[in-house]
Amino acid sequence: MTPRDRAHAFCDRFGLRVPILQAPMASASPPGLAAAVANAGGLGGLGALMSSPALIADWARTFRASSNGAFQVNLWVPDPPPVRDAAHEAAVRARLAPLAGAEVPDPGAGPFTQDFAQQFEALLAAGPAIASTIMGLFEPAQVAALKAGNIAWFATVTTLADARAAEAAGADAVIAQGSEAGGHRGAFDQADAETQLTGLFALLPIIADAVRVPVIATGGIMDGRGIAAALTLGASAVQLGTAYLRTPEAGLHPAYADAIPNGETVLTRAFSGRLARGLRNQVTEAFSDLVPAPYPVQRAIMVPVRAAAEAAGDVTRMQAWAGQGAALAVAEPAAALTTRLWAEASALLA
């Protein structure tokens with residue numbers, strides 16, 4: 001099967017016209033962005049990490065008011081409860097106080113995440129075409145519930161072993177996340193994230209040769225060249241995150257959007273306690289010699305810093321996720337970008 005044939009088969013199976021997925025970024029996936037991508041033939045997405053059941057339902061309603069296309073809802077499979085250390089957290093808060101412009105308060109006992117079981121029930125009720133996971137796999141009963149609801153499951157993986165586990169668990173496709181990707185690493189065990197940093201174009205053919213389900217490539221893909229290369233290496237589709245961050249529909253703070261093409265990206269646990277790739281700034285540098293608090297405690301501690309940075313429009317203190325291809329990001333409407341990128345890729349694959 002040729003790369004174009006494989007992409008067309010993927011689109012036919014999942015109700016798309018273009019084999020491009022908008023990454024379901026928890027901090028940058030408003031329904032308007034997803035609808036624009038879906039209306040151009042791709043797959044929109046909601047990163048529901050921080051979304052309550054009510055917000056998941058509202059997002060789906062808003063999306064459907066603007067598009068009859070397909071979308072995915074992405075859930076984080078929860079980590080075990082973090083081990084707390086009051087003295088260490090106090091040191092982290094003291095380190096962050098100058099960046100917040102005030103004393104950083106104790107975040108309290110938590111919990112600091114949404115109830116995963118309730119989010120899953122909301123996902124079922126919203127009825128997206130696709131449910132996706134990151135950081136792990138659905139339980140067998142959840143997989144059965146998705147199949148009963150005619151909802152496909154895409155599992156994000158960062159290793160061959162995880163891809164095989166996802167296929168065995170019933171995933172309909174795997175999303176191969178290369179180390180170039182912006183945002184959080186999808187390691188199933190957060191302690192292994194720093195050792196699971198294979199680049200996409202090494203990881204992709206290894207996974208594509210080993211599993212029978214379609215493989216979706218993500219990480220560092222910014223233009224038609226990257227899409228064509230990914231499909232040539234065995235992908236059936238691509239998922240783009242950073243490429244969409246400068247679109248008007250993403251709704252980023254202008255300082256963040258403007259900084260993307262000129263910034264240097266680094267891997268850091270500074271913002272959440274889990275490893276992620278974003279723009280190097282004062283926050284990432286503040287933890288060059290101090291280990292952040294564990295996820296999700298670190299994210300809770302960071303709340304006043306993020307608020308101060310947003311209020312000041314100061315990207316040097318913002319949580320600014322971006323992938324290694326950030327220099328290629330362009331400011332263009334999402335639908336036009338989707339159409340153009342697939343046209344470029346198609347020409348290269350012809």
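The values are calculated or read from the model by the stated rules, or taken from the named source; none is laboratory data. Just so we're clear, the structure is a prediction, and the values are computed from it rather than from any experiment. Glycine also receives a Cβ, built like all others from the backbone with ideal geometry; neighbour counts cover every protein chain displayed. SASA here: full protein model, heavy atoms, side chains in, ligands and nucleic acids out. Shrake-Rupley method; radii C 1.70, N 1.55, O 1.52, S 1.80 Å.
What number of residues in the range 86-118 are hydrophobic (A, V, I, L, M, F, W, C), in a helix (DSSP H, G or I) and open to solvent by 40 Å² or more (accessible area, probe 1.4 Å)? The qualifying residues number 6. If the condition is being touching a helix residue (DSSP H, G or I) at 6+ places or on another chain (Cβ under 6 Å) and either among the hydroxyl-bearing types (S, T, Y) or modelled with pLDDT under 95 (or both), then the range 21-68 contributes A28, T62, S66, S67.
For the range 26-39, the set of residues classified as part of a loop (DSSP other than H, G, I, E, B) and buried (at least 23 other Cβ atoms within 10 Å of the Cβ) consists of A28, S29, listed by residue number. The residue that is farthest from I227 (Cα to Cα), among those in the range 308-328 that are open to solvent by less than 60 Å² (accessible area, probe 1.4 Å) and of a type in the set (G, A, S), is A308.
The number of residues in the range 109-129 that are free of Cβ contacts under 8 Å to residues at least 40 places away in the same chain and small (G, A, S) comes to 2. Restricting the first member to the range 54-75 and to residues that are on the phi > 0 side of the Ramachandran plot, and the second to residues that are modelled with pLDDT under 95, no beta-carbon pair is closer than 8 Å while six or more apart or on different chains. Looking across the range 69-85, the residues that are under 30 Å from A35 (Cβ atoms), in a loop (DSSP other than H, G, I, E, B) and either modelled with pLDDT under 95 or of a type outside the set (A, V, I, L, M) (or both) come down to G69, P78.
Filter the range 1-22 for residues that are touching a strand residue (DSSP E or B) at 6+ places or on another chain (Cβ under 7 Å) and either in a helix (DSSP H, G or I) or open to solvent by 10 Å² or more (accessible area, probe 1.4 Å) (or both) and give the result.
So the first thing to find is which residues in the range 1-22 are touching a strand residue (DSSP E or B) at 6+ places or on another chain (Cβ under 7 Å), and the list is 7, 10, 14, 16, 19-22.
Correct list: A7, F10, F14, L16.
Restrict the check to the range 277-287 and report whether at least one residue is open to solvent by 50 Å² or more (accessible area, probe 1.4 Å) and touching a strand residue (DSSP E or B) at 6+ places or on another chain (Cβ under 8 Å). Checking the range 277-287: at least one residue is open to solvent by 50 Å² or more (accessible area, probe 1.4 Å) and touching a strand residue (DSSP E or B) at 6+ places or on another chain (Cβ under 8 Å). For the range 329-350, the candidate set comprises residues that are at pLDDT 95 or above and not in a helix (DSSP H, G or I); within that set, the residue that is least open to solvent (accessible area, probe 1.4 Å) is A329. Just checking, does the range 231-245 include any residue being more than 18 Å from T158 (Cβ to Cβ), touching a Leu at 6+ places or on another chain (Cβ under 6 Å) and either surrounded by fewer than 20 Cβ atoms within 10 Å (Cβ to Cβ) or among the polar types (S, T, N, Q) (or both)? Checked the range 231-245: no residue is more than 18 Å from T158 (Cβ to Cβ), touching a Leu at 6+ places or on another chain (Cβ under 6 Å) and either surrounded by fewer than 20 Cβ atoms within 10 Å (Cβ to Cβ) or among the polar types (S, T, N, Q) (or both).
When you scan the range 130-195 for strands (runs of 3 or more DSSP E) that lie fully inside it, which ones turn up with 3 or more residues that are free of Cβ contacts under 8 Å to residues at least 60 places away in the same chain?
Numbers: elements: 130-134, 152-157, 173-177.
Where strands (runs of 3 or more DSSP E) fall fully within the range 130-195 and carry at least 3 residues being free of Cβ contacts under 8 Å to residues at least 60 places away in the same chain, they are 152-157, 173-177.
Entry remark, the range 59-73: residues being closer than 20 Å to L146 by Cα, open to solvent by 10 Å² or more (accessible area, probe 1.4 Å) and of a type outside the set (K, R) number 3 in total. Out of the residues in the range 181-195 that are out of contact with any strand residue (DSSP E or B) (no Cβ under 8 Å at 6 or more places or on another chain) and open to solvent by less than 50 Å² (accessible area, probe 1.4 Å), which is nearest to D79 (Cα to Cα)? Top of the filtered list is A187. Taken over the range 200-229, the residue count meeting the criterion of being more than 18 Å from P24 (Cα to Cα), outside any helix (DSSP H, G or I) and either of a type in the set (S, T, N, Q) or open to solvent by 20 Å² or more (accessible area, probe 1.4 Å) (or both) is 4.
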